[in-house]
1. At a threshold of 8 angstrom on Cα-Cα distance, excluding pairs fewer than six apart, so keeping six or more, what relative contact order does the chain reach in percent?
2. Please list the equivalent ellipsoid semi-axes of region 70-207, computed as the square roots of five times the alpha-carbon gyration tensor eigenvalues, in descending order and whole angstrom.
3. For the chain, give the magnitude of the charge dipole about the Cα centre (Cβ charges: +1 Lys/Arg, -1 Asp/Glu; no others), in debye to the nearest 20.
4. At most 14 other Cβ atoms within 10 Å and a DSSP loop assignment: could you name the trypsin sites (Lys or Arg not before Pro) in region 143-221 that fit?
5. For ILE35 and ILE20 in one chain, what is 0.36 nm times their gap in residues minus the Cα-Cα distance, to one decimal in nm?
6. Per residue of region 112-122, in order, report the coupling 6.51 cos²θ - 1.76 cosθ + 1.60 (Karplus, θ = phi - 60°) as ³J(HN,Hα) in whole Hz, putting x for Gly and Pro.
7. Determine the calculated [θ] at 222 nm for the chain from helices alone, applying -39500 (n - 2.57) to every DSSP H run no shorter than 4 residues and normalising by the residue count; nearest 500 deg cm²/dmol.
8. Using Cα pairs closer than 8 Å and at least 6 residues apart in sequence, work out the relative contact order for region 70-207, in percent.
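Bear in mind these aren't lab numbers, they're just calculated from the coordinates by the rules spelled out. Quantities reported herein were computed from a predicted structural model and do not represent experimental measurements. We place every Cβ from the backbone using ideal geometry, glycine too, and count neighbours over all the protein chains shown.
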Amino acid sequence: MYPLLKQLLLPPASLLVLTIVGLVLMRRRPRLGRILAGIGLAALYGLSTPLCGVWLLAGLEDRALRGSPPPAAGKAQAIVILSAGLARTAPEFGGVTVDGLTLQRLRYGAKLGRETGLPIVVSGGAWLDSTTPVADFMAETLTTEFAMPMVWTESGSSSTFENARLTSELLRTRRLETALLVTHGWHMPRAADAFRHFGIDVIPAGTGYSHRGPFMAELVLPSAKGLRDSSWALHEILGRVWYWLAYYR
């Protein structure tokens, strides 16, 4: 139910629904119908441009980096890597493996692990219809592909908030209170806030930052990548609003 609701709230589904509602209303309420359809189409166009997608992601990434030290060990006692999802059609890897976003986080986490010698915690529960937790695939990838020997798993979470709650409990059972937190830069503000809510001092160690090059005409042309980036950013913004309303007030 939650994945379906999330898809309906985020573009393009929400904007297509708004446009269709506007078109249906045009017969009885032509002015209102034109306004709704116009808003839906204009928003769909804007959010589909790489310019808008990068701008939205950059705002989240800048907040994650603001006031943060470089991702060095410092006083960190562990490295926490958060999951994204799974690639469920990967016959070359036995059928299922970590997806590209999770792999990007694992690669950076492994780099930090080699540099610092700190233990690594991977966090991620069952994903969609997979019965095997994402954390199990993450641990397997770290040990077999990145040769990381010490990996602890948190496999019961189904959201960023639960990542933070359950991983914090795991860290405290080992008397650890400070960790390097590895996730994408645009996901870092929501993730770091959640861990700090549970009393873990996190040092942001973001990866996968968006490219901010010079302005080009292509940036205002709709593209699948532009819509994807905008959807990621809006997901984070809505998630932070929901966490504030549900957990932090």
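1. On the way: 414 pairs, mean separation 64.3, N = 249.
RCO, the chain: 26 percent.
2. Over the Cα atoms of region 70-207, the semi-axes work out to 22, 16, 13 Å.
3. Taking the Cα centre of the chain as origin, the dipole is about 1040 debye.
4. Those satisfying the criteria are ARG174, ARG175, ARG212.
5. On the way: separation 15, 0.36 × 15 = 5.40 nm, distance 1.17 nm.
Result: 4.2 nm gained on full extension.
6. So the J values, rounded to whole Hz, are 5, x, 5, 6, 10, x, 7, x, 10, 10, 10.
7. -16500 deg cm²/dmol, from helical runs alone.
8. 28
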